[in-house]
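Everything on this sheet refers to the single structure shown next.
What follows is calculated from the coordinates using simple rules that are stated; it is not laboratory data. Bear in mind that the values here come from a model prediction, so they are computed numbers and not experimental data. Glycine also receives a Cβ, built like all others from the backbone with ideal geometry; neighbour counts cover every protein chain displayed.
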């Protein structure tokens with residue numbers, strides 16, 4: 001009898017562990033669903049969503065959005081999308097809550113090529129921001145609203 005109970009118990013323990021592991025989602029997992037804590041004991045589900053520049057332009061033209069540039073201050077001065085606010089990726093976790101306190105605001109995020117914007121989008125989602133859209137890099141922006149200072 002003891003010989004049968006141990007394998008059955010181990011089998012159930014393995015099944016429970018496998019089931020628990022499949023309930024947790026992390027960046028890069030299927031569906032790209034991330035979890036971020038907004039308030040104590042409240043968990044919000046948010047998706048990482050990547051947009052094309054065309055889709056971003058349509059949202060900018062038709063919706064109330066925040067355009068977030070996560071490049072450096074120097075890059076921003078050289079040229080940025082009209083209406084964009086600057087929070088460099090390396091300061092995002094320190095400054096975003098003061099500059100964008102509404103975690104339900106629609107945020108369109110970009111950088112130069114799309115690498116920093118993707119990482120920054122995941123960071124914002126992890127911080128509880130619910131409507132974050134990554135539209136990649138300004139190098140792909142073709143809509144003429146780039147403003148900046150001429151290079152010296």
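A compact table of results
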{"read-out": "Residue 146 versus residue 78: modelled label distance in nm, points set 7 Å from Cα along the beta carbon direction", "value": "1.0"}
{"read-out": "Centre separation in Å (Cα based) which lies between the range 126-144 and the range 50-74", "value": "5"}
{"read-out": "Extension reserve of the residue 85-residue 139 stretch, reckoned as 0.36 nm per residue once the Cα distance is removed", "value": "17.7 nm"}
{"read-out": "Highest to lowest packing among 119-125, 60-66, scored as the average C-beta count within 10 Å", "value": "119-125, 60-66"}
